[in-house]
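Asks: Below you'll find the structure I mean.
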Amino acid sequence: MSAEKTAPAPAKNDLFKQITQGPGLVSVLGVIVALIVGGLLIAVTDERVATTAGYLFARPSDFFSALWEAGTSSYVALFEGSIYNSAQGFAPFLETLTVSTPLICAGLGVGLAFRAGLFNIGAQGQIIIGAAMAGYVGFAWHLPVVLHLLLVIVFGLIGGALWGGLVGLLKARTGAHEVILTIMFNYVALYLLDFLMNTQAFRRPGETNPISPILDTTAVFPALPGSRLHVGFLLAVLLTFGMGWLLKRSTLGFELRAVGHNPLAAQTAGVNVQRAMIVAMALAGALAGAAGVAQVAGTEKVLTAGIAGSLGFDAITVALLGRSTPWGTFFAGLLFGAFRAGAVNMQISTGTPIDIVLVVQSLIVLFIAAPPLIKAMFGLNPKKKKIQAAAAATQGGAQ
Amino acid sequence: MRMLSRKAGVATAMLGISALALSACGAAPEEGGAASANSDFTGCIVSDSGGFDDQSFNESSYRGLQNAKKDLGIQIKEAESKSNSDYATNLQGMMNAGCDLTVTVGFLLADGTEAAAKANPDAHFALVDATTKEPADNVKPIIYDTAQAAYLAGYVAAATSKTGKVATFGGIKLPTVTIFMDGFADGVAKYNEDKGKDVKVLGWDKKSQDGTFTGDFEKQDKGKQTTKNLIDQGADVVMPVAGPVGKGAAVAVTDAVKAGKDVKLIWVDSDGFLTAPDYKKVMLTSVIKTMDAAVEEVIKSDIEGNFDATPYVGTLENGGVDIAPFHDLESEVSEETKAEVAKLKEQIISGELKVESDASPKH
């Protein structure tokens with residue numbers, strides 16, 4: 001009881017900031033703890049561990065070796081599938097970069113909105129619209145090299161920006177909450193694409209399934225021979241630099257951050273808050289649109305209803321883990337890309353279900369969203385220690 | 001309070017530990033064991049984003065592979081895809097793992113399978129419910145003329161309907177879904193034609209190829225709501241073609257029965273009486289696609305060195321598609337109807353009666 005009294009719940013805005021922009025150490029520790037818990041889960045659910053536990057007393061060595069093997073072999077496989085293995089060299093790392101590309105782009109979008117104080121969970125819809133527009137330009141128009149790809153990128157960015165900007169506009173003009181708006185816009189985008197995929201304009205000729213024609217070779221990112229890594233990754237790096245510049249060096253970025261810190265103060269200081277919200281959401285949408293472009297013109301080269309997968313939601317985690325900073329998001333995107341790429345190998349070679357990676361990802365969110373939990377686990381919060389000491393003292397007195 | 005809860009905690013822990021200890025007293029098995037017959041053959045499977053628990057084609061294909069492991073003693077490897085971007089990586093992973101035959105499930109994997117087959121001419125593939133753009137020597141499509149079996153189900157539905165209205169709805173408008181609905185609608189039309197009746201089909205219009213869809217294969221509450229609406233409109237036989245969403249439909253049908261209505265359900269893909277036994281009381285019949293058997297058969301012939309790329313087309317004739325027994329609702333279907341269904345089945349097998357759908361496999 002006493003602990004709750006002495007640690008008052010932070011005000012809404014503080015909590016938002018604490019979760020989206022807290023110290024980086026919490027992220028690192030969150031990842032480590034999540035990995036350890038994930039490892040335990042793998043070990044406990046392993047078939048051999050379960051069988052050997054049945055005769056634990058008859059031959060305990062079996063149980064403990066199975067336990068250790070289950071935990072470590074999965075993570076070794078994860079590493080071999082995402083960074084390096086002796087058979088393929090660093091080819092898995094290229095795969096990690098490929099998978100990271102859309103995660104980084106969309107993560108930047110979510111993070112940018114976070115910085116402006118907007119809880120943007122609409123990356124999914126923005127990716128879908130971006131991918132749909134980019135994809136359409138890619139397979140329906142037939143244009144010369146360079147120009148075609150450029151237009152694919154531009155239309156993808158515009159698609160995302162429109163979808164995000166619309167949310168910003170509604171929020172600025174009507175005061176509707178962006179969380180509700182973005183969730184609904186996700187659905188609208190999803191079903192819109194579902195519908196489009198069943199129209200003659202989007203469906204592959206001679207095909208009854210909802211799958212688009214393959215994009216023209218002029219419309220796709222050139223790839224590194226022998227891998228799926230494409231130039232889109234460079235776009236992600238550029239965008240990371242761009243967002244860094246925007247936030248640190250430009251007036252617009254300053255305004256966005258000011259609005260994020262305290263909209264009322266920003267308004268008093270002469271910032272047009274409404275405009276800042278619209279711009280922030282449009283830029284966030286454009287970044288998510290870039291993720292859509294990377295998907296449709298980079299890895300997939302074809303448009304389907306599931307083009308966005310769960311990218312838009314993973315992007316939220318990536319942005320949270322990256323503390324909404326450009327480079328934090330970049331490396332968080334790489335980490336999640338590695339999880340994704342490695343999970344495939346883990347699943348195939350050790351039979352560990354791919355869902356375990358989702359569990360680890362979700363645990364990371366949990367630990368980041370509850371910073372006091374991590375701080376308490378590692379004794380990072382001196383105030384808390386004092387409270388515990390005090391609590392122990394009173395308890396001792398009572399007994 | 002605090003002391004009490006702590007004591008309770010300790011007691012629970014003790015209980016737990018003793019339970020664990022008791023269950024850990026088994027004898028250790030002997031070391032080693034004989035290698036099974038075909039342990040040098042690796043059969044693999046890559047799901048689409050539905051996963052192996054989709055209660056639909058991923059699940060039944062997966063069951064086929066597991067049966068092959070049990071019956072033929074092969075090694076298996078599995079990769080569940082979480083999104084479309086996983087397909088190529090999973091296929092590449094299977095190639096790296098040295099799979100002899102890889103089962104790929106669904107049209108979304110068709111392009112990826114084609115590419116992997118081209119890059120790995122020695123590996124064999126079985127593509128479930130889809131075909132490649134160009135036929136490949138090492139890809140065997142496993143496809144189904146589901147409309148044939150759905151036709152029989154539609155006929156039974158029309159014959160048992162008391163309100164004169166039957167219904168069907170889908171998850172997403174895909175050919176593998178609408179083929180059920182086309183067959184169902186045609187079966188009802190056949191009944192109307194033969195008997196001079198006017199049983200209506202809600203939820204699907206074959207001519208305009210449009211109808212009711214819940215939008216995905218996940219949200220069971222949507223299936224429940226949709227089914228409730230259809231029942232409110234007077235339908236008393238409902239066939240959901242939506243994988244796990246069908247469970248929502250089953251709940252709605254059960255609720256309606258509890259409320260005193262006489263409503264029945266037609267399951268799809270597997271015999272729902274066996275795979276969804278919670279709802280067996282309302283299960284009239286099921287439209288079955290025997291993918292597990294087909295997958296196992298393809299693996300078996302590959303082990304024997306008889307792999308070929310000719311598509312396997314499941315029909316009433318080869319038993320690839322069928323309708324399930326009526327089980328508990330046997331008495332609800334008249335002997336006359338049963339005889340007519342048997343006759344229709346014969347006519348379809350002999351080719352005398354053609355069941356056609358836009359989504360039928362072209363063979």
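The values are calculated or read from the model by the stated rules, or taken from the named source; none is laboratory data. Keep in mind that what you see is a predicted model, and the values were worked out from it rather than measured. Note that each Cβ is placed from the backbone with ideal geometry, even for glycine, and that neighbours are counted across all protein chains shown.
Asks: Condition (residue is modelled with pLDDT of 85 or more, within 13 Å of the chain's Cα centre (by Cα), within 12 Å of chain B (Cβ to nearest Cβ) and closer than 16 Å to B:Ser85 by Cβ) applied to the range A:343-355: is it met by at least one residue?
Replies: Scanning the range A:343-355 turns up no residue that is modelled with pLDDT of 85 or more, within 13 Å of the chain's Cα centre (by Cα), within 12 Å of chain B (Cβ to nearest Cβ) and closer than 16 Å to B:Ser85 by Cβ.
Asks: Please go through the range A:296-310 and pick out each residue that is part of a helix (DSSP H, G or I) and at pLDDT below 95.
Replies: If the condition is that a residue be part of a helix (DSSP H, G or I) and at pLDDT below 95, then A:Gly298, A:Thr299, A:Glu300 are the ones that fit.
Asks: Right, here's the next one. Examine the range A:104-111 for a residue that is farther than 30 Å from A:His177 by Cα and either among the β-branched types (Val, Ile, Thr) or assigned to a helix (DSSP H, G or I) (or both), and state whether such a residue exists.
Replies: Within the range A:104-111, none of the residues are farther than 30 Å from A:His177 by Cα and either among the β-branched types (Val, Ile, Thr) or assigned to a helix (DSSP H, G or I) (or both).
Asks: Turning to a different aspect of this structure: Could you say which residue among B:Ala130, B:Ala119 is surrounded by fewer than 21 Cβ atoms within 10 Å (Cβ to Cβ) and either of a type outside the set (S, T, N, Q) or modelled with pLDDT of 90 or more (or both)?
Replies: B:Ala119 is the lone residue from the list that is surrounded by fewer than 21 Cβ atoms within 10 Å (Cβ to Cβ) and either of a type outside the set (S, T, N, Q) or modelled with pLDDT of 90 or more (or both).
Asks: Shifting gears a bit: Are any residues in the range B:174-192 under 24 Å from B:Pro244 (Cβ atoms) and either assigned to a helix (DSSP H, G or I) or at pLDDT 95 or above (or both), and if so, which ones?
Replies: Hits for the range B:174-192 are B:Pro175, B:Thr176, B:Val177, B:Thr178, B:Ile179, B:Phe180, B:Met181, B:Asp182, B:Gly183, B:Phe184, B:Ala185.
Asks: Among the residues of the range B:78-121, write down those that are more than 12 Å from every other protein chain (Cβ to nearest Cβ), within 25 Å of B:Pro175 (Cα to Cα) and assigned to a helix (DSSP H, G or I).
Replies: Selection gives B:Thr113, B:Ala116, B:Ala117.
Asks: Let me ask you something else. From the list A:Gly270, A:Gly253, A:Gly232, A:Gly244, which one is at positive phi and either small (Gly, Ala, Ser) or in contact with a helix residue (DSSP H, G or I) (Cβ under 8 Å, 6 or more places away or on another chain) (or both)?
Replies: Answer to the check: A:Gly270.
Asks: It is to be established whether one or more residues within the range B:342-361 are in contact with a Pro (Cβ under 9 Å, 6 or more places away or on another chain), modelled with pLDDT of 95 or more and of a type in the set (Val, Ile, Thr).
Replies: Checked against the condition, which is being in contact with a Pro (Cβ under 9 Å, 6 or more places away or on another chain), modelled with pLDDT of 95 or more and of a type in the set (Val, Ile, Thr), the range B:342-361 yields no hits at all.
Asks: Would you please name the residue that is surrounded by the fewest Cβ atoms within 10 Å (Cβ to Cβ), looking only at residues in the range A:222-237 that are among the hydrophobic types (A, V, I, L, M, F, W, C) and either closer than 12 Å to A:Pro102 by Cβ or within 14 Å of another protein chain (Cβ to nearest Cβ) (or both)?
Replies: A:Ala223
Asks: Further question on the same structure: Quick check on the range B:53-77: of everything there that is more than 7 Å from chain A (Cβ to nearest Cβ) and in a strand (DSSP E or B), which residue is farthest from the chain's Cα centre (by Cα)?
Replies: B:Gln75
Asks: Any idea which of A:Thr72, A:Thr45, A:Thr52 is within 14 Å of chain B (Cβ to nearest Cβ) and β-branched (Val, Ile, Thr)?
Replies: A:Thr52
Asks: Additional query: Show me the helices (runs of 4 or more DSSP H) entirely contained within the range B:260-360 in which 1 or more residues are touching a His at 6+ places or on another chain (Cβ under 7 Å).
Replies: Once the helices (runs of 4 or more DSSP H) in the range B:260-360 are filtered for at least 1 residues that are touching a His at 6+ places or on another chain (Cβ under 7 Å), what remains is B:272-275, B:291-303.
Asks: Could you pull out every one of the helices (runs of 4 or more DSSP H) wholly within the range A:170-289 that has 1 or more residues that are more than 18 Å from A:Ile129 (Cβ to Cβ), under 24 Å from the mean Cα position of the chain (by Cα) and at pLDDT 95 or above?
Replies: Those helices (runs of 4 or more DSSP H) span A:178-197, A:232-249.
Asks: Continuing with this model, one more query. Out of the range A:336-353, which residues are surrounded by fewer than 21 Cβ atoms within 10 Å (Cβ to Cβ) and either out of contact with any Gly (no Cβ under 9 Å at 6 or more places or on another chain) or acidic (Asp, Glu) (or both)?
Replies: Selection gives A:Thr350, A:Gly351, A:Pro353.
Asks: Checking B:Pro325 against (1) touching a Ser or Thr at 6+ places or on another chain (Cβ under 8 Å); (2) over 30 Å from B:Ala126 (Cα atoms); (3) surrounded by fewer than 16 Cβ atoms within 10 Å (Cβ to Cβ), which test does it fail?
Replies: Against the list (1) touching a Ser or Thr at 6+ places or on another chain (Cβ under 8 Å); (2) over 30 Å from B:Ala126 (Cα atoms); (3) surrounded by fewer than 16 Cβ atoms within 10 Å (Cβ to Cβ), B:Pro325 comes up short only on (2).
Asks: Which residue out of A:Phe221, A:Phe254, A:Phe233 is within 30 Å of B:Ala116 (Cα to Cα), among the aromatic types (Phe, Trp, Tyr) and either without any contact (Cβ under 8 Å) to a residue 40 or more places away in the chain or touching a strand residue (DSSP E or B) at 6+ places or on another chain (Cβ under 7 Å) (or both)?
Replies: A:Phe221
Asks: Being under 15 Å from B:Val237 (Cβ atoms) and crowded, with 24+ Cβ neighbours inside 10 Å is the filter here, so list the residues in the range B:160-190 that pass it.
Replies: B:Val166, B:Ala167, B:Thr168, B:Phe169, B:Phe180, B:Met181, B:Gly183, B:Phe184, B:Ala185, B:Gly187, B:Val188
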